[in-house]
1. Need the full-extension length gain, A186 to V261, defined as separation in residues times 0.36 nm minus the C-alpha distance. One decimal, nm.
2. Choose one answer from V197, V168, V119: the residue with the largest mean-square fluctuation in a GNM of the chain with alpha-carbon springs under 10 Å.
3. Taking the Cα-to-Cβ direction at V150 and at A240 and moving 7 Å from each Cα, how far apart do the two end points lie in nm?
4. Connecting C-alpha atoms closer than 10 Å in a GNM of the chain, tell me which of P165, P218, P27 has the biggest fluctuation.
5. Report the net charge of residues surrounding L104, where surrounding means a beta-carbon distance below 14 angstrom and charges are Lys +1, Arg +1, Asp -1, Glu -1.
6. Once R0 is set to 25 Å, what does the formula 1/(1 + (r/R0)^6) return for the Cβ-Cβ distance between D202 and H13, expressed as a FRET efficiency to the nearest 0.05?
7. Can you tell me how much longer the chain between I250 and N230 gets when fully stretched, taken as 0.36 nm per residue apart minus their C-alpha distance, in nm with one decimal?
8. Would you look at the GNM of the chain, springs on alpha carbons closer than 10 Å, and say which of V54, V41, V155 moves the most?
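We did not get these values from a lab; they are worked out from the coordinates using the rules stated. No experiment lies behind these values; they were computed from the predicted model shown. When we count neighbours, we look across all protein chains shown, and the Cβ atoms used for this are built from the backbone with ideal geometry, even at glycine.
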Amino acid sequence: MTEAPDAPDTILHRTAGNVSWITLNRPDAMNALTWDQRERVIALLADASADPDVRAVVLTATGKGFCAGADLRAAGAPATPAQTAPERIAGDVARMIRLGAQRLITAVLDCEKPVIAAVNGTAAGIGAHLALACDLVIAAEEARFIEVFVRRGLVPDGGGAYLLPRLVGPQKAKELIFFGDAVPAAEAERLGLVNKVVPAGDLQAAAREWAERLAQGPTRALALAKQLVNASLDGDRAAALAAEATAQEINMGTADANEGVASFVERRPPKYTGR
Ligand SMILES: CCCCCCCCCCCCC[C@H](O)CC(=O)SCCNC(=O)CCNC(=O)[C@H](O)C(C)(C)COP(=O)(O)OP(=O)(O)OC[C@H]1O[C@@H](n2cnc3c(N)ncnc32)[C@H](O)[C@@H]1OP(=O)(O)O
């Protein structure tokens with residue numbers, strides 16, 4: 001288990017049916033992220049990668065918000081520019097973004113298990129990017145996605161200017177970033193930010209259904225496929241084709257790959273073990 005500060009009750013965690021459920025639980029603050037919570041989520045994602053009994057991850061939250069971004073009231077927030085020399089501000093905030101927001105988003109992108117975001121409500125700032133970095137996004141009808149940074153006079157961080165253009169194209173990405181308007185779940189689905197929109201009362205069941213299907217799948221093949229898709233966004237065709245050939249070679253060493261082929265030949269359903 002990865003060591004991380006305990007975030008008693010503000011991050012709930014359970015594993016059921018080979019699915020790791022990570023729940024942000026500060027509903028009174030729209031699940032705005034504190035340092036402890038962020039480190040706890042990063043640790044739980046690392047644990048999911050390492051644990052062979054975890055074959056899928058669901059990230060969700062309680063209350064009316066999914067995550068309202070960094071907790072702007074968090075103790076120890078950097079002093080305002082007027083109180084600190086510019087070079088110190090640059091050193092502090094850039095380092096905080098690298099060591100904070102960016103580590104969180106990277107932990108999702110690099111998690112070696114499929115990660116589903118079950119977005120129960122407002123996802124703003126890095127809270128939106130936390131959802132959009134997940135492999136699959138299921139949103140409740142009332143959910144909305146807000147590139148809220150501009151409302152605070154901030155630059156989008158936590159991977160926003162990396163994720164958004166890849167999801168919706170550069171023009172739409174800049175519209176969302178420039179205006180910071182709330183994007184309702186149905187529009188987010190139309191734009192390609194969300195895979196599926198369901199009534200709020202069905203969100204957990206929908207996430208469980210997809211997560212349990214993935215948890216019965218060929219876990220290593222799913223992890224390699226996730227890496228191929230993510231890497232393809234940054235490379236050229238030659239790199240993508242080389243990577244898929246290598247991934248298939250690696251995957252052929254798994255029991256699941258042999259089970260998948262054998263079950264077809266033997267005319268029976270496959271039974272994958274995730275190994
Ligand atoms: C990780 C530690 C960081 C330390 C502080 C850093 C300071 C800045 C440093 C540089 C920038 C870092 C940026 C960061 O990496 C990435 C970001 O996420 S920046 C964006 C931060 N988030 C926001 O700006 C969103 C702020 N919230 C809102 O705009 C609105 O709440 C909403 C999301 C549009 C939802 O609106 P409503 O539905 O009307 O809900 P309320 O506004 O009434 O909120 C309910 C309740 O929750 C409290 N709350 C909401 N968001 C935050 C928040 N981000 N931090 C703390 N508290 C929040 C809100 O105050 C209400 O509480 P109440 O007033 O009722 O007690």
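1. Details: separation 75, 0.36 × 75 = 27.00 nm, distance 3.89 nm.
Length gained, A186 through V261: 23.1 nm.
2. V168
3. Simple spin-label model gives 3.0 nm for this pair.
4. Of P165, P218, P27, the most mobile in the Gaussian network model is P165.
5. Numbers: positive: R38, R40, R98, R103; negative: D36, E39, D71, D110, D157.
Neighbour charge sum, excluding L104 itself: -1.
6. 0.65
7. On the way: separation 20, 0.36 × 20 = 7.20 nm, distance 1.75 nm.
Stretched fully, the I250-N230 segment lengthens by 5.4 nm.
8. The residue that fluctuates most here is V155.
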